[in-house]
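Here's the structure we're looking at; comments come further down.
Nothing in this text is a laboratory measurement; each read-out follows from the coordinates by a stated rule. Values in this document were obtained by computation on a predicted structure and should not be read as measured data. So basically every Cβ, Gly included, is an ideal-geometry build from the backbone, and we count neighbours across all protein chains shown.
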Amino acid sequence: MSMLNTRTLFSTVLLGAAVALTGVAGAVNADHHGGQDTARAVVGQKAPTFTLKDTDGKEHDLQKYLDDGKIVVLEWFNPECPFVVKHYDLHPTMATLNKKYAEHDVVWMAINSGREGQQGAGLEKNQQYKKDWEISYPILMDMSGDVGRMYNARTTPQMFIIHSNGTLMYDGAIDNNRSPRELGDINYVDNALRAILAGETVEPNTTRPYGCSVKY
Amino acid sequence: MTGHSTLHAPASTYFRSRRWRAFLAACIAGAISTPTLAQQPQHPDDDEPLIASLITEHSHAVPGETFYIGVHMRLAEDWHTYWDGLNDTGFAATVKLDLPAGWTAGEIQWPAPERYITSGGLGLDHVYHRDTTLIIPIQVPADATVGETVTITADAEWLVCQDACIPGWATLTLETPVRAETATASDDASLFAATRERTPVPLERADDERLSAEMDGRDLVIRARGASKVAFYPSSASAAPEDIMRTGEAQGDRLRLRFQLEPTGEKPVTGIIAIFATDGTPSWYAVTFPHDG
């Protein structure tokens, strides 16, 4: 499989679009769905799988985590979006939740679908924020935006939870307060993870996400 | 004249991290030669894209009458703020008032917004690309003491965006005398008048036989004879349209917009109808169709 090194994309200025397109084909692996390359994330259905590299160049294959029996949380991420800052710098929402469920076979991954040059995008910037904010989980780089579009990720943050059986269990906001400063009194992701681990129905399983637009 | 003062919190105080400050500094590089953030800029610019103040429509408050105040938000070019309706991203301004005992505030009278496709094209917001006054009616109690000067404080919070967004907030105060005689227009009265021209009127008050709106099953059907474009902006309390981005406005004189109405749902279809004349001039009407499930 022709997986391009993300760093190659950065340093390759002249090859431009042709290289980027090749990178896209390798980065988004929709083959798990019988060749459907137009897979879409729909709650209650099988979540589209993908392979992306994180800020350290390490590859993450969603299907492998599911095969290992993990529940996967995907968090759309842009460290320069005020609504993301709210849950990292003003309140430790993501760190606290990740820690709470880490021992319950829950894998947490942030995904940045920002195009190079856009706010909060780019490898170095995300490496820096990972260090500054002491983020313990990987930040996956989706600079083509293909995985973001596949999941119809519209905002940062926007949260998805995938059951180890592959079913998309939750799509929406992190909590019920759309303010860039104040936390809500309901954390939807906390609720959903608790329900999934208890074998209960996730309610609500879809909410309106809030935040910045994803900088495709 | 009613005095008003502004206390503006620079956006940079919000961001404690060095990275954020570096980012903001990069944004404003070149815009100002000596950054004096403690000093309030006279005009909004890319450094301070929004400057808020608290204004009044009239010279003074009169016991037993409605006294209109406004959070006036001046906006730098190419920036936008958010309407309090159904948006995919962003955050509409909030205002928390501290009023004298017995004085009560009504709801913010939001002017009509414009549709705005978010960067990336996956979302739709309703925004203001211009200076905006959020008018709030204040009911002055009948027993308010004539001759007294009262203080009104507003804690305002907002998000202002270009491609990137900056949150901001300010504690705004004004002092106004209470007098028995009829109030006269304040220096800021024209801002209130301009905002009211952009504020939707209830459809039943439109009294225009060319205009109609009705529910046809799950569809809101708007007809506006002679219009060049028709749009609908759903309120945050509204049932959600199936595809507001692609079907929320239509060229021509009619719009059919399908809603996600569930038999057990309780949300009404409510929002603003925007009608554009052939020369592009808009007019706005507020409608609510209670859920009759």
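Sort B:91-97, A:82-88 by the packing proxy (mean of other Cβ within 10 Å over each peptide's residues), most packed first.
So the peptides B:91-97, A:82-88, ranked by packing, come out A:82-88, B:91-97.
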(message) Can you compute the FRET efficiency between B:Ser228 and B:Glu77 using 1/(1 + (r/R0)^6), with r the Cβ-Cβ distance and R0 = 30 Å? Round to the nearest 0.05.
(response) 0.65
(request) Decide, for the range A:38-213, between rounded, prolate and oblate: order the square roots of the alpha carbon gyration tensor eigenvalues as a ≥ b ≥ c, take rounded if a/c falls under 1.5, and otherwise choose prolate if a/b is larger than b/c, else oblate. (result) rounded
(request) Using Cα positions and a limit of under 15 Å, work out the aspartates and glutamates in reach of A:Lys64, with same-chain residues fewer than 8 apart set aside. (result) A:Asp31, A:Asp105
(request) Ignore the peptide's own chain and count Cβ atoms of other chains within 10 Å of each Cβ in A:207-216; give me the average, rounded. (result) 6
(request) Pairs to check: A:Lys58/A:Lys130; A:Lys86/A:Lys215; A:Lys70/A:Lys99; A:Lys53/A:Lys86. Give those whose C-alpha atoms are more than 23 Å from each other in this structure. (result) A:Lys53/A:Lys86
(message) Relative contact order of the range A:38-213, please, whole-number percent, based on alpha carbon pairs below 8 angstrom and at least 6 residues apart.
(response) 28
(message) Can you order the peptides A:114-123, A:201-210, B:57-66, B:193-202 by their average number of other Cβ atoms within 10 Å per residue, highest first?
(response) A:114-123, B:57-66, A:201-210, B:193-202
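Across the residues of A:176-186, average count of Cβ atoms on other protein chains within 10 Å? If you can, show how the numbers build up before the last one.
Numbers: counts 0, 1, 9, 5, 11, 6, 2, 0, 0, 0, 0.
Mean shielding by partner chains, rounded to a whole number: 3.
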(message) Just checking the output field for B:80-90: average partner chain Cβ neighbours within 10 Å of each residue's Cβ?
(response) 3
(message) Classify the range B:201-289 from the C-alpha gyration tensor, please: rounded if a/c falls under 1.5, else prolate or oblate depending on whether a/b exceeds b/c.
(response) prolate
(message) What is the distance in Å between the Cα centroid of the range A:138-174 and that of the range B:178-251?
(response) 36
(message) Explain nothing, just the number: relative contact order of the range B:201-289, from Cα pairs under 8 Å at least 6 residues apart, as a whole percent.
(response) 32
(request) Work through the residues other than B:Thr81 whose Cβ is under 13 Å from its Cβ and net out their charges, Lys, Arg +1 and Asp, Glu -1. (result) -4
(request) Compute the FRET efficiency between A:Ala102 and B:Arg258 as 1/(1 + (r/R0)^6), taking r as their Cβ-Cβ distance and R0 = 51 Å, and round to the nearest 0.05. (result) 0.75
(message) From Cα pairs below 8 angstrom and at least 6 apart in sequence, can you work out the relative contact order of the range A:92-191, rounded to a whole percent?
(response) 19
(request) Could you sort A:90-101, B:118-129 so that the peptide with the highest average Cβ count within 10 Å comes first and the rest follow in order? (result) B:118-129, A:90-101
